[in-house]
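Let me begin by presenting the structure, written as structure tokens, before commenting on it.
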Amino acid sequence: MKRTTNDRKVIQEVLSKAQQPLTVREIRKSAGQSVHLSTVYRAITEMSSEGSIRRVDFGGRVPRYEVAGEHHHHIVCTTCGDIEDVHTEPRGLEKAALVESKKFKSVHAHSLEFFGVCKKCT
Ligand SMILES: [Zn+2]
Ligand SMILES: [Zn+2]
């Protein structure tokens, strides 16, 4: 019990210091060898279902995780995989999706990622 709490604290800390969303393997690497990969997987699953961290999927790549803070988006470099947070916000997306939808009565959130080439790769 105590050990689990500590592992979660370590993971939370790793994610809050990270410059970009991390994969489970990257989280484990930063957390140190004392934390087992299976422990990280379990903690990540729990923490994302509780809502303290957020899962980010980049078009079928390995899922990454970040601290669930302010709503934002990411730009991903399609050459090297570098990721940057952006706060640009397309307005009216949910409304437009709902207008088009035949099955849904409400749309309350969106997930949107941008893909491009970073300055290091040009
Ligand atoms: Zn790049
Ligand atoms: Zn948004």
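The values are calculated or read from the model by the stated rules, or taken from the named source; none is laboratory data. Note that the structure is a prediction, hence the values are computed from the model and not measured. Neighbour counts run over all protein chains shown; Cβ positions are idealised from the backbone, glycine included.
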Here the residues within the range 63-83 that are more than 15 Å from ligand 2 (Cβ to nearest atom) and closer than 30 Å to residue 8 by Cα are 63, 64, 65, 67, 76, 77, 80, 81, 82, 83
Counted residues, the range 97-122 - those being modelled with pLDDT of 95 or more, more than 16 Å from ligand 2 (Cβ to nearest atom) and either of a type in the set (Ser, Thr, Tyr) or touching a Lys or Arg at 6+ places or on another chain (Cβ under 9 Å) (or both):
2
Can you confirm whether residue 110 is surrounded by 10 or more Cβ atoms within 10 Å (Cβ to Cβ) and not in a loop (DSSP other than H, G, I, E, B)?
no
Give the number of residues within the range 85-96 that are surrounded by 11 or more Cβ atoms within 10 Å (Cβ to Cβ) and either touching a residue at least 40 places away in the same chain (Cβ under 8 Å) or more than 12 Å from ligand 2 (Cβ to nearest atom) (or both).
2
Checking the structure you have, find out if any residue of the range 56-68 is in a helix (DSSP H, G or I), exposed (fewer than 14 other Cβ atoms within 10 Å of the Cβ) and without any contact (Cβ under 8 Å) to a residue 60 or more places away in the chain.
no
State yes or no: is residue 27 surrounded by 13 or more Cβ atoms within 10 Å (Cβ to Cβ), under 30 Å from residue 8 (Cα atoms), among the hydrophobic types (A, V, I, L, M, F, W, C) and outside the structural domain of residue 7 (by TED's automatic domain parsing)?
no
